[in-house]
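Encoded as structure tokens, the structure appears first; notes follow it.
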Amino acid sequence: MPKCPECDADVTVGVDAVKGEIVACPDCGAELEVTETSPLALALAPEAEEDWGE
Amino acid sequence: MSSAPTVGILLSRVRVEEKLLLEELDRRSVPTKVIDDRELVLEAERKPDLGVDIVVERCIQHSRALYALNVLNTWGIPTVNTFEVADICGNKLLTTMRLIRDGVPTPRTRLAFTPEAATTAIEELGYPAVLKPLVGSWGRLISKVNDRDAAESILEHKDVLGTYMHSIYYVQEYVPKPGRDIRAFVVGDETIGAIYRSSDHWITNTARGGKAARCPVTPELNDLCVRAARAVGGGVVAIDVLEGPEGPLVNEVNYTMEFRNSIDTTGVNIPGKVVDFVLETARKAKQDQE
Ligand SMILES: Nc1ncnc2c1ncn2[C@@H]1O[C@H](COP(=O)(O)OP(=O)(O)O)[C@@H](O)[C@H]1O
Ligand SMILES: [Mg+2]
Ligand SMILES: [Zn+2]
């Protein structure tokens with residue numbers, strides 16, 4: 001099962017998921033983009049803003 | 001502790017770090033309140049009634065952190081970190097000047113306001129030189145300028161395509177580091193742990209694929225990092241150190257530190273140390289008020 005890159009939670013993605021689809025993480029609510037379907041891979045959806053990060 | 005303070009965590013999302021902090025607070029039965037920065041309305045002219053004794057700032061966005069902390073601190077609400085620390089650390093030039101003020105070794109740096117002056121600054125420092133945006137992170141938009149052609153091209157791009165802030169040119173000597181840098185975690189008066197970040201790329205951020213390995217905290221490293229932390233105002237900060245040919249140099253200080261890859265590597269319970277510090281800060285603040 002793919003993990004949320006933001007919070008490490010297990011994310012269930014429907015079998016009919018398509019590349020580029022946006023799903024929400026059930027734990028942290030992050031918007032995730034399905035970047036690969038076989039095997040399933042997820043990445044954070046929004047473009048990072050200029051002042052993001054530590 | 002007889003009456004545990006209520007700890008607010010100001011955040012944008014519950015990332016791994018925030019989850020670990022919340023778990024640590026929960027383990028100690030500390031009452032906590034999650035404050036979502038997307039829903040927050042801060043009244044400027046009244047003390048914000050958040051129902052917490054202290055706020056731990058964990059926003060992803062620097063601007064949100066900065067302005068929220070300003071309102072909270074102005075109204076006397078203790079925060080980790082403080083507005084001052086966020087203000088200084090969020091800006092590479094302000095950080096550099098604090099390090100220089102306090103005699104903490106840091107790479108040679110030049111400030112310029114036009115592409116022409118920036119070219120002069122780069123040539124004074126010699127190639128390769130490094131250009132960085134004043135505000136930014138995760139190694140983004142940082143350039144290693146290898147020759148004059150590259151300098152002219154990068155400066156023209158920044159001038160034409162960048163926002164105004166990209167025309168404040170922060171130029172630094174390139175430090176020929178040994179394929180890695182050091183990320184050290186300071187909590188209060190102690191460097192609690194450190195990692196090496198190694199990469200084939202000259203930018204070694206773990207957000208960019210740098211690999212973490214344990215780095216021993218020698219008395220020298222501890223001293224350097226604690227001095228850097230104090231220079232920016234102190235608290236819970238992560239220090240980037242470059243190993244130069246003449247000794248270690250403090251590159252920058254991060255105030256909303258990311259530590260998910262460093263707990264196993266250092267063997268240090270980083271969230272535990274952070275929570276210790278937060279509770280201690282809350283206790284002291286309460287004492288001062290009484
Ligand atoms: N002057 C420099 N010389 C050599 N390497 C540098 C220099 N400045 C930055 N780097 C490399 O680039 C990385 C990112 O730079 P840094 O100043 O920490 O910006 P950021 O805020 O994006 O992390 C550093 O961790 C280091 O590996
Ligand atoms: Mg850095
Ligand atoms: Zn998540």
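The values are calculated or read from the model by the stated rules, or taken from the named source; none is laboratory data. Keep in mind it's a predicted model, so treat the numbers as computed, not measured. Please note: Cβ atoms are built from the backbone with ideal geometry, for glycine as well, and neighbour counts cover all protein chains shown. For accessibility, only protein heavy atoms count, side chains too; no ligands or nucleic acids. Shrake-Rupley method; radii C 1.70, N 1.55, O 1.52, S 1.80 Å.
Here is how the numbers come out for the structure above:
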| read-out | value |
| --- | --- |
| Positions within the stretch B:254-290 being under 19 Å from B:Ala65 (Cα atoms), within 14 Å of another protein chain (Cβ to nearest Cβ) and open to solvent by 20 Å² or more (accessible area, probe 1.4 Å), in sequence order | B:Glu258 |
| Residue satisfying condition, being part of a loop (DSSP other than H, G, I, E, B), at pLDDT 95 or above and over 18 Å from the mean Cα position of the chain (by Cα), within set B:Asp149, B:Asp200 | B:Asp200 |
| Any hit, the stretch B:36-46, residues being surrounded by 17 or more Cβ atoms within 10 Å (Cβ to Cβ) and within 11 Å of chain A (Cβ to nearest Cβ) | no |
| Residue in the stretch A:37-53 that is farthest from ligand 1 (Cβ to nearest atom), counting only those that are open to solvent by 80 Å² or more (accessible area, probe 1.4 Å) and either more than 12 Å from chain B (Cβ to nearest Cβ) or among the aromatic types (Phe, Trp, Tyr) (or both) | A:Ser38 |
| Subset of the stretch A:7-17 [open to solvent by 40 Å² or more (accessible area, probe 1.4 Å) and either among the small types (Gly, Ala, Ser) or modelled with pLDDT under 85 (or both)] | A:Gly14, A:Val15, A:Asp16 |
| Subset of the stretch B:61-77 [touching a strand residue (DSSP E or B) at 6+ places or on another chain (Cβ under 9 Å), away from chain A (no Cβ under 14 Å) and surrounded by fewer than 21 Cβ atoms within 10 Å (Cβ to Cβ)] | B:Asn73, B:Ile77 |
| Which listed residue is open to solvent by 30 Å² or more (accessible area, probe 1.4 Å) and at the interface with chain B (Cβ under 9 Å from one of its Cβ atoms), from A:Gly20, A:Gly29 | A:Gly29 |
| Checking B:Asn251 against (1) among the polar types (S, T, N, Q); (2) more than 16 Å from B:Ile182 (Cα to Cα); (3) within 14 Å of chain A (Cβ to nearest Cβ), the condition it does not meet | (2) |
| The lone exception for B:Glu280 - which of (1) farther than 22 Å from A:Glu6 by Cβ; (2) assigned to a strand (DSSP E or B) it fails | (2) |
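Quick grid of which residues meet (1) surrounded by fewer than 18 Cβ atoms within 10 Å (Cβ to Cβ); (2) within 28 Å of B:Thr281 (Cβ to Cβ); (3) of a type outside the set (S, T, N, Q):
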residue: B:Ile192; (1), (2), (3): no, yes, yes
residue: B:Ile195; (1), (2), (3): no, yes, yes
residue: B:Ser199; (1), (2), (3): yes, no, no
residue: B:Thr204; (1), (2), (3): no, no, no
residue: B:Arg208; (1), (2), (3): yes, no, yes
residue: B:Ala213; (1), (2), (3): yes, no, yes
residue: B:Leu221; (1), (2), (3): no, yes, yes
residue: B:Val232; (1), (2), (3): no, yes, yes
